[in-house]
Amino acid sequence: MSRRNALLIGGLGTVGIAAGSAGLWWTFSSRFSPVAGGEFTEPDELRSSSGRLQVRLEASPGLVELGGQRASTLGYNGRVPGPTLHVRAGDVLAIELVNSMAVPTNLHVHGLHVSPQGNGDNVFNVVEPGQSFSYEYRLPVDHPPGVYWYHPHHHGMVAEQIFAGLFGMIIVEDTDPPATSRERIMVISDITLDGSGTVSDASPMDRMLGREGELVLVNGQSNPKLSARPGERERWRIVNTCVARYLRLRLDGQQMQLLGMDSGRYPTPGNADELLLAPGNRADVLVTAVAGDATLRAVYYNRGSMAGMMGPAGPASNGGQGTGDIVLATLSVSGAPAASPPPVPTLPAPADLRTAVVAAHRQLTLAAPGGMGMGMGMMSFTINGREFNASRTDTTVAAQTVEEWTLVNPSPMDHPFHLHVWPMQVIEDRGGQTPGPPLWRDVVNIPANGQVKVRINFKDFTGRSVYHCHILDHEDQGMMGVIEVR
Ligand code: C2O
Ligand code: CU
Ligand code: CU
């Protein structure tokens, strides 16, 4: 517990604690107070037909409903989250981005394996205020199914724009989906609002550690209520859109199975008691309902701090709920038991690069202020000692080759490493070879003072794109590099 929270609790006695973890912060702050416990709702859904989905996304400031109250945020088409886009492998996703904000923006389709060139997933493109731009993403016919998302990527403003409400989910449908009673979309975000419902600015400390919002929402709602019958199997599609908050999710008393994370599916789902989603990660989960009430909770995860700074970079240091659990949603299971669902079809194993021929080995070192070997005057966020520069290419890769990257983190806090366009297979984690089925990720957490090895197959797409820390305050301050595949 941080000193600040300890003081607050000391001053308030047990009143705040008795309110439970979800209500704790609000007891202290008398600021924006969300209305919790509404009926679970989902973002609007748009689906492709005949191989195409055409969408207009207008990014604008406005009044939206958040946590059951009116808030003044950013949103796509006036909502937070933006619409969920359902597509299939082989589809064309065409998005007209309209910028009705006073600042530049652009669009990135996080995790999609599509071209980074031209009007594809090109983050070097800038859409100025009052302008619009037509993006076109062509998904290959063998695009892996799974949960993806979209968000702005204009350098220097990414954290701010996502924190204020610009994000939405993309689903690439399976060809062979498991039978389920229903599918639920869960876009998890965090935000800090003042008493008038306006998004709070990040302090210099927030930017250093990565801002964590005081309010953690599911589809813009505070602790919504879900219901199911015993034995029903649901599919939950979860994305962590938080700028810096890690989500260590538990659903005690229920049965969770992980179908996949980030990109693609595992050949068979594995049981999971807990899911750790770093910023940007997604989970594709089966929940088999067991009679009773259960809460979806985010339990404390220690992502480290910075040397010489007080308190952990967890929620406590940002004035949030400290190390207590955050209740995200409540599931009530009652009624007549449902017939047990058929087994989940087994899928062919995904590609495995553990035995591939490696054309190049690289090391990328992610450095933050306060890390080992950093001088006192060095206050920058870098990869291999350099801050992001859009006109410099840091890494040049030969197309159609497999590379092995060692991602090194000498700093005292975790950094979630993200590569655009090309998914990474985790090869070595915690000092040993990764066992079991291939783990394909597009955000890989590099623990404080740790390292992870990944392999990447630079097949099919060429062009310039980026890799960066998905603590978006770090990205905005320079922890990003340019890759060119040619
Ligand atoms: Cu979700 Cu470049 O990021
Ligand atoms: Cu991305
Ligand atoms: Cu970072």
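Taking amide H as placed 1.01 Å from N in the peptide plane, the amide H of V290 sits under 5 Å from that of G231, Q255, each at least 5 places away or on another chain. Assuming charge only on the beta carbon of Lys and Arg (+1) and of Asp and Glu (-1), the dipole of the chain about its Cα centre is about 440 debye to the nearest 20. For the stretch 182-333, DSSP calls about 75 percent of its internal beta bridges antiparallel. Helical runs assigned H by DSSP (4 residues or longer) give the chain a calculated mean residue ellipticity at 222 nm of -2000 deg cm²/dmol, each run adding -39500 (n - 2.57) before division by the residue total. Extension gain for N384 to T41 (0.36 nm times residue separation, less C-alpha to C-alpha distance): 119.1 nm. A straight chain from R248 to E428 at 0.36 nm per residue would run longer than the Cα-Cα distance by 62.6 nm.
Applying 0.36 nm per residue to the separation of E183 and D273 and subtracting their alpha-carbon distance, the gain on full extension is 30.4 nm.
Ranked by the mean number of other Cβ atoms within 10 Å of their residues, highest first, the peptides 187-194, 140-147 fall in the order 187-194, 140-147.
Peptides 341-354, 109-122, 223-236, ordered by how many other C-beta atoms sit within 10 Å of their residues on average, highest first, read 109-122, 223-236, 341-354. Counting only DSSP beta bridges with both residues in the chain, what percent are antiparallel, rounded to the nearest 5? Roughly 70 percent of the beta bridges in the chain run antiparallel, per DSSP. Charged neighbours of A289, selected by a Cβ distance under 13 Å, balance to +2 (K, R count +1; D, E count -1). Go ahead and run the numbers for FRET between D142 and S227, Cβ-Cβ distance against an R0 of 45 Å, rounding to 0.05. Result of the calculation: an efficiency of 0.75.
Shape summary: the stretch 182-333 maps onto an equivalent ellipsoid whose semi-axes, from the alpha-carbon gyration tensor, are 29, 17, 13 Å in decreasing order. Amide H contacts for S227 (H built 1.01 Å from N in the peptide plane; partners 5 or more residues away or on another chain; cut-off under 5 Å): S332.
The relative contact order of the chain comes to 15 percent, based on Cα pairs under 8 Å that sit 6 or more residues apart. In the distance distribution for the chain, Cα-Cα pairs more than 45 Å apart total 7 percent. With R₀ set to 41 Å, the beta-carbon distance separating T346 from A102 gives a calculated FRET efficiency near 0.20.
Coordinate-derived values only; no laboratory data. All values reported here derive from a predicted model rather than from experimental measurement. Note: ideal-geometry Cβ built from the backbone for every residue, glycine included; neighbour counts use all protein chains shown.
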